[in-house]
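The values are calculated or read from the model by the stated rules, or taken from the named source; none is laboratory data. This one's a predicted model, so the numbers in the text were calculated from it and none came from an experiment. A quick note on method: Cβ atoms are made from the backbone with ideal geometry, for glycine too, and the neighbour counts reach across all protein chains shown.
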Amino acid sequence: MTENEFLLEDRIAKIKATVEKYGEDNFCISFSGGKDSCVLSALVDLALPGNKIPRVYANTGIDWNVVRDFVLDLQKRDDRVQVIKPTVPIKKMLESEGYPFKSKKHSEFVGTYQRNGTMEGLIGLQHYTHTSTDGKSWSPINSCPKALLYQFTPDFKLKVSDKCCKRLKEDPINNWQKEHNIPYTMIGLIREEGGRRTSANCLAFKGGKLKAFQPLVAVSKAWEDWFIYEYNIRLPELYHEPYNFNRTGCKGCPFNPDLQTDLDTIAKFFPRESSVKSYGNPFTMNTDG
């Protein structure tokens, strides 16, 4: 048995044991239509043949059309796919909560500063202070690139927040769960992707109660690619030649490290979708104050 096969058997066993313990009827899958959620969905089907676990997709209106259409087509053939919509208007939410900028961590730090009005307010984010693998101390204050320190001043007027994903995707799915009495979410999160994911656990608890089950945290992106190839997992065409996206998500999302490359690819192959005018990209910002 190869290492990849061993890890596959391990993840199948983990899914079986967890679902048996908490009950299949108590789970749904947070389904974005992206690579990770497609792999998670297929893995659950391998572990639990014939399962009826809902795949819940939040149709924000700002996913790439190719991904949205992939999910809608899947819904026609699989009645487990549930399509829901955000409960708040996107533009109004961004103006109220704040716009995403650079990364979720950075956006949270700037938002915290803006609410408190002082740099000292960032010290309250103690759960992000730790010693990295290279032995260097890391904290919200000393981690900010010098080029972005201007955002921690009263002169920077753009309201910044890390809440867009929560408001547009997580909250609607949580509301759907409450309506359908489904307390637990399966999430296709991989720890290797970095950022906030590095501290993720397979079983995430809140207040002593299970909140989310994340079976992919222990796998690598290389394993994921092996699994996709070995089991012929269907993905949106953006992941294949000639597009070769590493990830999908909201159009123009500032949190995407490959944003410019992806926009250039879309402009080349899907020119109508690349135009901001064509979809009214809410992430377009005016940072002049």
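Summary of values
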read-out: Residue that is nearest to Leu94 (Cα to Cα) [pool: residues in segment 252-266 that are among the hydrophobic types (A, V, I, L, M, F, W, C) and in a helix (DSSP H, G or I)]; value: Leu259
read-out: Residue match in segment 11-31 (condition: over 28 Å from Ser220 (Cα atoms), touching a helix residue (DSSP H, G or I) at 6+ places or on another chain (Cβ under 6 Å) and of a type in the set (Val, Ile, Thr)); value: no
read-out: Residue in segment 135-173 that is nearest to Lys102 (Cα to Cα), counting only those that are polar (S, T, N, Q) and modelled with pLDDT under 85; value: Ser143
read-out: Test: residue in segment 120-128 that is at pLDDT below 95, assigned to a helix (DSSP H, G or I) and either assigned by TED's automatic domain parsing to the domain that holds Asp45 or of a type in the set (Asp, Glu) (or both); value: yes
read-out: Every residue from segment 228-274 that is under 15 Å from Val39 (Cβ atoms) and among the acidic types (Asp, Glu); value: Glu230
read-out: Residues of segment 143-184 that turn out to be closer than 23 Å to Glu95 by Cβ and surrounded by fewer than 12 Cβ atoms within 10 Å (Cβ to Cβ), as a count; value: 5
read-out: Enumerated helices (runs of 4 or more DSSP H) restricted to segment 16-114, each holding at least 2 residues that are surrounded by 19 or more Cβ atoms within 10 Å (Cβ to Cβ), under 16 Å from the mean Cα position of the chain (by Cα) and not aliphatic (A, V, I, L, M); value: 35-47
read-out: Single match in Gly50, Gly33 (criterion: on the phi > 0 side of the Ramachandran plot and out of contact with any Leu (no Cβ under 9 Å at 6 or more places or on another chain)); value: Gly50
read-out: Scan of segment 190-229 for residues that are in contact with a strand residue (DSSP E or B) (Cβ under 9 Å, 6 or more places away or on another chain), free of Cβ contacts under 8 Å to residues at least 60 places away in the same chain and either β-branched (Val, Ile, Thr) or outside any loop (DSSP other than H, G, I, E, B) (or both), ordered by number; value: Ser199, Ala204, Phe205, Lys206, Lys211, Ala212
